[in-house]
Amino acid sequence: MTRPTDIDAVLASWLAQGAEQAPERHLVQALNRIATTPQRRVRPWSVQWRENPVGLLAFGAAVTVLVVALGVALQSEFVGGPDEPPPLSPGPLPSASAGAAPEPSAALQSSVELELFINRAEGYELLLPAIWAPTEVERGDSQTATAFGSGAGFGTRSAPALTIIVGETDGSITPCTCPRTKVSSLDDLEELVVSTPSFFHTGPPEQHSELTLDGEQARSESAGIGNNCLGCPDAFFHVYAIHDGRPFVLAFDYWTVRFRTISTPEIDLNFSPQTLDTILNSFRFLEPAAVEQPDVVDGVRTFVSSDGSFQLELPQDWRLDRGTDWTALYLNRGVTQLSVRAGDDRGSILTNLRARGRNA
Amino acid sequence: VDRRLVELAQRGDQDAFARLAALIGDRLFATAHRIVRDFDAAGDAYQSALVHIWRELPTLRDPERFEAWAGRILVRQCYSELRRVRNLPPTLDLLSVDSSVADATVSVSMRDELERAFVRLTGEQRAVLVLMYYRDLSVAEIAVHLGISPGTVKSRLHYAREAMRASVEADQRTSVQEGRPA
């Protein structure tokens with residue numbers, strides 16, 4: 001004897017399993033193809049007449065009325081009738097021309113709140129969107145970088161919105177997916193970060209410009225749709241400089257810069273060019289300072305929360321990172337192993353990406 | 001989907017189209033993967049669909065209906081992929097199951113039965129099942145999505161559900177006979 005089957009539940013459960021995210025390469029390849037694919041040109045009247053003969057009659061009637069009206073107007077002009085009021089100014093033209101970046105929609109009204117991020121260990125500070133929580137990521141060869149706005153909803157899907165990579169005083173750096181290399185000039189650095197993989201060769205050329213970062217000479221480069229990898233997966237806009245022999249690379253995410261949007265699960269925020277300028281203008285080089293390391297005893301480190309409200313022991317290879325709104329975040333090899341957050345004495349706490357409030 | 005982005009893309013703005021593709025791309029790919037049951041074939045269908053969507057976009061009259069319209073193009077590309085794959089030597093390529101999301105509702109043996117039953121369905125029947133049970137669309141929405149009548153949706157759905165139900169019940173009978181939990 002078998003039980004009756006809830007086929008609806010079975011099918012829903014079974015079909016829930018499978019891929020949820022399109023591989024980036026398919027998207028990029030498709031975009032490369034559309035770069036050379038012309039769109040179908042439409043003649044609206046021909047489509048409508050085929051599909052709607054009544055529309056053809058209406059169109060004919062409208063043309064007749066227009067011709068009559070035009071005739072009357074010309075007649076009064078030549079006859080020299082009374083002065084007509086000046087014509088109304090033409091209606092607003094479509095405000096966006098093809099090729100222009102889309103203007104923020106109604107859903108993008110909120111501006112981005114910036115707050116100061118200081119990295120004393122690597123020696124820099126800058127203003128950044130408060131919702132871009134920093135995390136430390138491995139770059140290989142024991143070098144680390146700081147990623148901001150990682151996780152779904154930021155950047156190009158799961159890519160960080162911004163990654164800052166700082167090299168050593170001898171000029172060695174591991175930017176993007178490149179191997180560790182020594183650089184001594186901006187030219188060296190430019191060659192390193194502009195290393196387009198062979199499968200992204202069909203896009204528009206990269207654009208370079210000179211700028212200053214904290215008063216020092218720097219350069220930037222950006223690329224088009226099909227050419228956005230540049231050795232940094234998903235990065236679109238690089239700013240790089242060398243300060244006291246140490247190379248600095250700021251790799252901004254493609255979608256954030258290109259489409260001026262910070263997407264979050266709750267709202268899309270407007271990331272305007274002015275916001276980008278504010279971020280870059282706020283950048284300051286600092287003297288790298290020794291950061292107090294947690295005590296290590298028998299392979300176990302004691303971590304103390306930034307506000308001193310608690311401490312705990314964790315494996316020594318775990319790294320400590322401080323988010324902007326949580327007390328402590330512990331990482332292991334770039335993957336969050338444990339996140340500890342503490343609220344304030346009013347019971348207000350931030351959970352995941354939800355706004356601060358009494359939600360716990 | 002932002003209407004303004006659709007209108008920009010209709011006028012040939014590739015940046016706007018790229019953003020649209022990123023917005024709906026995951027849903028399109030996930031749907032294709034479930035219909036064609038093969039990662040590479042789903043990727044091919046997805047890519048072809050994006051190119052078709054770009055080319056035909058100026059013909060879309062109502063930008064508000066962009067996503068349903070794009071979904072219809074994707075499903076047609078899936079049908080093409082299935083026809084192409086059908087001409088290849090038959091294989092049974094089971095989707096890998098992520099144990100973290102697998103639940104007790106569907107046992108391993110039942111999954112196999114479901115997979116076998118599903119690949120015997122036509123592309124049209126697969127599409128209505130996926131749109132109903134994965135995309136959670138109503139019969140009316142599926143009709144709009146596929147450009148067919150609600151009656152046709154119901155008919156395809158009925159046949160597909162019964163075929164899938166038969167496979168599940170066959171698995172349950174086997175389980176009882178072999179004394180393993182259904």
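Quick notes on this one:
- Compactness of region B:1-77, expressed as Rg and Dmax over alpha-carbon positions, Å: 11.8, 35
- As a calculated quantity, the FRET efficiency between A:E168 and A:V297 at R0 = 45 Å, using C-beta atoms, amounts to about 0.95.
- The interface between chain A and chain B buries about 5300 Å² of solvent-accessible area in total (1.4 Å probe, ligands and nucleic acids excluded).
- Positions from region B:9-29 whose accessible area shrinks by 40 Å² or more when the full protein complex is built, not the chain alone, probe 1.4 Å: B:R11, B:D13, B:Q14, B:D15, B:A18, B:R19, B:A22, B:D26, B:F29
- The label-point distance for A:E191 and A:A16, in a model that sets each label 7 Å from Cα toward Cβ, rounds to 5.4 nm.
The values are calculated or read from the model by the stated rules, or taken from the named source; none is laboratory data. Fair warning: this is a prediction, and the values are worked out from it, not measured in the lab. No Cβ is skipped: glycine too gets one built from the backbone with ideal geometry, and neighbour counts run over all protein chains shown. Surface accessibility is based on the protein's heavy atoms, side chains included, excluding ligands, DNA and RNA. Shrake-Rupley method; radii C 1.70, N 1.55, O 1.52, S 1.80 Å.
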